[in-house]
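Here's the structure we're looking at; comments come further down.
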Amino acid sequence: MLIFIISIALFIADRLTKIFALQIEGKIKVLGDFIVFGLTKNEGLCFGLFSGHLSLIFWLTLLIIILIIGYVVAKKEKSRIFQTGVGLFIGGALGNLFDRAGEGVIDFISIGIGDLRWPTFNIADIGICVGVVLILIRKRKRQV
């Protein structure tokens, strides 16, 4: 149940922030030049890898989500860290999958100094990354 709640919460937060991002004209400095909001579309994976293969990426993402859900159901993992990680990962994956069903992933958060900037990302990407870290932490705790 925790996985479902976290997945839906992240998906909704991602959609709401992307609706906001679609209204952005130009750039909005949130924290000086360090955090800037500005709309971009990404038709690939992270860092724009595999751009132009939107359909393939869509179906691979859907397959990964289904496999993860199947794994979670089969393992019946009770750890809150693991469930939170999976919930964040699935919510983020669904958020970006929703975008890929359209014209590409909506990215809008830019972090950096001057021209030294991390690739633009969104709330779904944060969920995916934090989710993977939590899953790995849980896996590491089991091995120790």
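Bear in mind these aren't lab numbers, they're just calculated from the coordinates by the rules spelled out. Note that the structure is a prediction, hence the values are computed from the model and not measured. Note that each Cβ is placed from the backbone with ideal geometry, even for glycine, and that neighbours are counted across all protein chains shown.
Within the stretch 89-144, restricting attention to residues that are under 9 Å from the mean Cα position of the chain (by Cα) and not in a helix (DSSP H, G or I), the residue that is surrounded by the fewest Cβ atoms within 10 Å (Cβ to Cβ) is Phe121.
Sort through Thr61, Thr84, Thr40 and tell me the only one that's farther than 24 Å from Ile137 by Cβ and of a type outside the set (D, E, K, R). Steps first, answer last, please.
Working: Thr61 fails: farther than 24 Å from Ile137 by Cβ; Thr84 fails: farther than 24 Å from Ile137 by Cβ.
After applying the criteria, what remains is Thr40.
A quick yes/no check of all residues on (1) in contact (Cβ under 8 Å) with a residue 60 or more places away in the chain; (2) out of contact with any helix residue (DSSP H, G or I) (no Cβ under 7 Å at 6 or more places or on another chain):
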site	(1), (2)
Ile68	no, no
Val72	yes, no
Val86	yes, no
Phe89	no, no
Gly92	yes, no
Leu97	no, no
Glu103	yes, yes
Asp107	yes, yes
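The set of residues in the stretch 19-72 that are out of contact with any strand residue (DSSP E or B) (no Cβ under 8 Å at 6 or more places or on another chain), more than 20 Å from Val132 (Cα to Cα) and in a loop (DSSP other than H, G, I, E, B) comprises Gln23, Glu25, Gly32, Phe50, Gly52, His53. Here Ile57 fits the description: over 12 Å from the mean Cα position of the chain (by Cα), under 20 Å from Leu45 (Cα atoms) and surrounded by 16 or more Cβ atoms within 10 Å (Cβ to Cβ).
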